[in-house]
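Everything below concerns the one structure shown next.
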Number of protein chains: 2
Amino acid sequence: MTRILGVDPGLTRCGVGVIDTGRGRDVRFVAVDVVRSDTGEALEHRLRIIRDGLVELVDRLKPDVLAIERVFAQHNVRSVMGTAQVAGLALLIAADRGIPVTLHTPSEVKAAVTGYGRADKKQVTAMVQRILTLDAPPKPADAADALALAICHAWRGGDSPSGGETPAQRAWRDALNGSRS
Amino acid sequence: MTRILGVDPGLTRCGVGVIDTGRGRDVRFVAVDVVRSDTGEALEHRLRIIRDGLVELVDRLKPDVLAIERVFAQHNVRSVMGTAQVAGLALLIAADRGIPVTLHTPSEVKAAVTGYGRADKKQVTAMVQRILTLDAPPKPADAADALALAICHAWRGGDSPSGGETPAQRAWRDALNGSRS
């Protein structure tokens, strides 16, 4: 069993999703949370609040690995600097504790859980709920993205499918079939 | 007397320049250094190396205030994420120690030391040498920029909030916040 903590970095809302891997492709929900900082606070205090929140979650939930969303400078220029800084904090928290850490791009995450690299938030949320057999969609959306990151890490870290549908693609097809019936 | 530690953030080379303010516009050189991390290292280890280097300098030189160069997403897209992350670490080091911290834009720094917001590196270096009455230009250039930041802070004062907003920007942000609630 491996416990994976996914981080969807953000300065205003930083999503955290934790899963355990089971046998094969089995993944189990452990926890989901969002660490928030107030836009009215000074930047250095916001970073501190987010860092403290992440440290608390990491030390309490004791993940074996961290999976963090890779931030690109091209996307969302207004908020990208804060997002990059929060990703940096998460990387450093992992390094300080000797916890392995991996970055995944948004399209890798979407492709892993929905089979489609340009899936929208609704699809990602629906698949995360289905994959983790949750009674309701994880909320808010930041939380679903963090869980998707953790699932992405679990499945990309496993055996690469040699052909045909990936488990995610199969699950997505099943979900579509289910929604029709 | 106020001791100012300027940080020119960078993942490969992070410049640090320290000055003391005297009477009026008098400023005195204290120290200059560059904290480096190897491009071959994993990102999380590079962040750790830079953080450890900055912590050592801050705890040894005991500045009263930190002045950090403001990073813009538009500039140098290839390296901007690492630069933003290092700026975030420096902000956090200040916040953790209760040291006031201010961000200054590159053009503010250039204007403060050369009188011209679009001055080149050579002009900035020459003026830093002259202002601090150094026998030789501070080297490397990252070090000169960090000293220029500290001088800029000494002369401009710490009025600028770390958010670096103009009153108009602040009003706009407040309006946005208000409209969300």
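A compact table of results
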| read-out | value |
| --- | --- |
| Segments classed as strands (runs of 3 or more DSSP E), wholly inside segment A:4-91, with at least 3 members that are surrounded by fewer than 18 Cβ atoms within 10 Å (Cβ to Cβ) | A:27-36 |
| Single unsatisfied condition, A:Ala136 versus (1) within 14 Å of the chain's Cα centre (by Cα); (2) at pLDDT below 95 | (1) |
| In segment A:10-36, the residues that are within 14 Å of chain B (Cβ to nearest Cβ) and in contact with a strand residue (DSSP E or B) (Cβ under 8 Å, 6 or more places away or on another chain) | A:Thr12, A:Arg13, A:Cys14, A:Arg36 |
| Residue within segment A:98-110 that is free of Cβ contacts under 8 Å to residues at least 12 places away in the same chain and away from every other protein chain (no Cβ under 14 Å) present | yes |
| Lone qualifier among B:Val80, B:Val58, B:Val7, B:Val71 - being within 13 Å of chain A (Cβ to nearest Cβ) and modelled with pLDDT of 95 or more | B:Val7 |
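The values are calculated or read from the model by the stated rules, or taken from the named source; none is laboratory data. Remember, predicted model here, so these are calculated numbers, not experimental data. In this analysis, Cβ positions are derived from the backbone assuming ideal geometry, glycine residues included, and neighbour counts consider all displayed protein chains.
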